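Every number here is computed from the coordinates shown, using simple stated rules; none is lab data. As the structure is a prediction and not an experimental result, all values here were calculated from the model. FYI the Cβ positions are ideal-geometry reconstructions off the backbone, even for glycines, and counts take in every protein chain you see.
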Amino acid sequence: MKIKKIIIGILVLGIIGAFIVYKTYNKPHVNVAAASADISLTADEILNDFSSNENSANSKYLEKIIEVKGVVFEINIEKEKGIITLKTNDDFGSVLCHLSDEATKKVNLLKEGQAVIVKGICTGFLMDVILLKCEFVSQ
Amino acid sequence: MKTLITFFCCFIFVTVSNSQERYLTKNGAITFYSKMPIEDIKADNNQVLSIIDASSGKMAISILMKSFMFKKALMQEHFNENYVESDKFPKATFKGNILNFDAIKQAAIKTQVKGVLTIHGISKEMTIGANFKKTKETIQVNGDFFIEMDDFDIEIPAVVAKKIATKIKVSFNFNHKPYKK
């Protein structure tokens, strides 16, 4: 009787363990559309932060969901994915927003010069600040 | 005085024409694969910055490590936190010279780019084969090569060692456009 209980106990633990391992292994990616933004600011502000001190900006923004307000400068479609460039005061840099599949569908409603708010995951700064998996907050 | 003005005009003209000879892409693609019997792992980065100076045949590439997208969120987390330590080393770079750059025309040719690849804070001289194609509006570059994880001090824990190849195949595809601003 006692042995039976122990075996059942071990089995239950094993199943719970396997379930947890499976869940962690298949952990989903961050859902940008459903999550609220960690930081919201303008395109100029985020670009200034990165161009004045990239290291501190990296620790402040990387892998966070950032909501950026700006004016559309350019709209491109590459490999069926929309990319929006937001205008800034800087001559060279801008904010590049790579859109999600969902947001790409809405891109043909967008016009150059239009004010938008997008949110996406910041992955860093090359010539421009780069945001991935962007969704429109207002358009 | 006149010669001075001509000199300055020439100088301005030269710098202007030089800047027009720069080709650039902000959304170059790099994909890497680890092929193992247990599991195939693949990650895409479509935000690669690549610049070619067409007057000298020099090439410079900048890659954000955090822009690599994996199918599984956990793999992406491990890649960034444990393997390439992208908080410490957020970028990978490549700087090099395109060999036989003058021979690159409209028809695609195979040539090599000799330069220094920096990943995980470690620089290594490499010669990478690539297909080049050049028109007035574009310079297209694509190809693939292998990198050894050991070369860049990337340590894989024993637990997952069976799932991750030590040689990683990297493929790239850049479509450069003339840079204007």
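Would you mind calculating the relative contact order of chain A from Cα pairs under 8 angstrom and at least 6 residues apart, reporting the percent as a whole number?
On the way: 244 pairs, mean separation 32.0, N = 139.
So the answer I get is 23 percent.
In vacuum, with every alpha carbon of chain B counted as one equal point scatterer, what does the Debye formula give for log10 I(q)/I(0) at q = 0.09, 0.10, 0.18 Å⁻¹? Two decimals, please.
-0.39, -0.47, -1.16
Calculate how steeply helix B:2-20 sits against the longest principal axis of the alpha-carbon atoms of chain B, using the helix alpha-carbon long axis, and give the answer as 0 to 90 degrees to the nearest 10.
30
Taking the Cα centre of the stretch A:45-139 as the origin, how large is its charge dipole in debye, to the nearest 20, when only Lys and Arg (+1) and Asp and Glu (-1) carry charge on their Cβ atoms? The partial results should precede the final answer.
Details: 11 positive and 15 negative charges, 63 e Å.
Magnitude of the dipole: close to 300 debye.
Which whole-number percentage describes the relative contact order of chain B, with Cα contacts under 8 Å and a sequence gap of 6 or more? If you can, show how the numbers build up before the last one.
Values: 383 pairs, mean separation 43.4, N = 181.
Reported as a whole number, the value is 24 percent.
So how many Å³ per residue does the convex hull of the Cα atoms of the stretch B:72-153 work out to?
On the way: hull volume 10.2 nm³, N = 82.
Convex hull of Cα atoms, per residue: 125 Å³.
Ratio of alpha-carbon Rg to the 2.2 N^0.38 Å globular estimate for the stretch A:23-87, to two decimals, please. Before the final figure, lay out the partial values.
Working: Rg = 14.6 Å, N = 65, 2.2 N^0.38 = 10.7 Å.
Rounded to two decimals, the normalised Rg is 1.36.
Take every Cα pair under 8 Å in the stretch B:114-181 that's 6+ residues apart, average their separations, divide by the length, and report that relative contact order as a whole percent. Working shown, then result.
Details: 94 pairs, mean separation 21.2, N = 68.
Rounded, it is 31 percent for the stretch B:114-181.
Could you state the number of Å between the C-alpha centres of the stretch A:87-137 and the stretch B:113-152?
28
Got a sec? How would A:49, A:91, B:40 order by Cβ neighbour count within 10 Å, fewest to most? Before the final figure, lay out each step's value.
On the way: A:49 18, A:91 7, B:40 12.
Least crowded to most crowded, the residues run A:91, B:40, A:49.
Which of the lysines could be linked to residue A:27 by a straight reach, that is with a Cα gap under 24 Å, when you skip same-chain ones fewer than 8 residues away?
A:64, A:119, A:133, B:35, B:42, B:66, B:71, B:72, B:162, B:163
Nearest 500 deg cm²/dmol is fine: what mean residue ellipticity at 222 nm does chain B get from its DSSP H runs of n ≥ 4 alone, each adding -39,500 (n - 2.57), divided by its residue count? Before the final figure, lay out the partial values.
Details: 2 runs with 25 residues, N = 181.
Roughly -4500 deg cm²/dmol at 222 nm, from the helical runs in chain B.
Quick one, could you list the DSSP H helices from chain A stretching 15 Å or more along their long axis (Cα atoms) with average Kyte-Doolittle hydropathy of -0.5 or above? Don't skip to the end; give the middle numbers.
Details: long enough: A:2-25 (34 Å, 1.52).
Membrane-span-like by this rule: A:2-25.
With no solvent and one point on each alpha carbon, what is the Debye value of log10 I(q)/I(0) for chain A at q = 0.10, 0.21 Å⁻¹?
Result of the Debye calculation: -0.42, -1.20.
How crowded by other chains is B:88-94, given as the mean number of beta carbons from other chains within 10 Å of each beta carbon?
Numbers: counts 0, 0, 8, 5, 0, 0, 0.
What the average comes to for B:88-94 is 2.
No other cysteine beta carbon under 4.7 Å away is the test; run it over chain A and list who passes.
A:122
If you line up the Cα atoms of the protein assembly as shown on their principal axes, what length do they span on each, largest first, in Å?
Ordered largest first, the protein assembly as shown gives principal extents of 109, 46, 35 Å.
Using only DSSP helix segments of four residues or longer, with each worth -39500 (n - 2.57), what per-residue ellipticity at 222 nm results for chain A after dividing by its residue count and rounding to 500? Please report the intermediate quantities before stating the final value.
Details: 4 runs with 47 residues, N = 139.
Helices in chain A give a 222 nm mean residue ellipticity of -10500 deg cm²/dmol.
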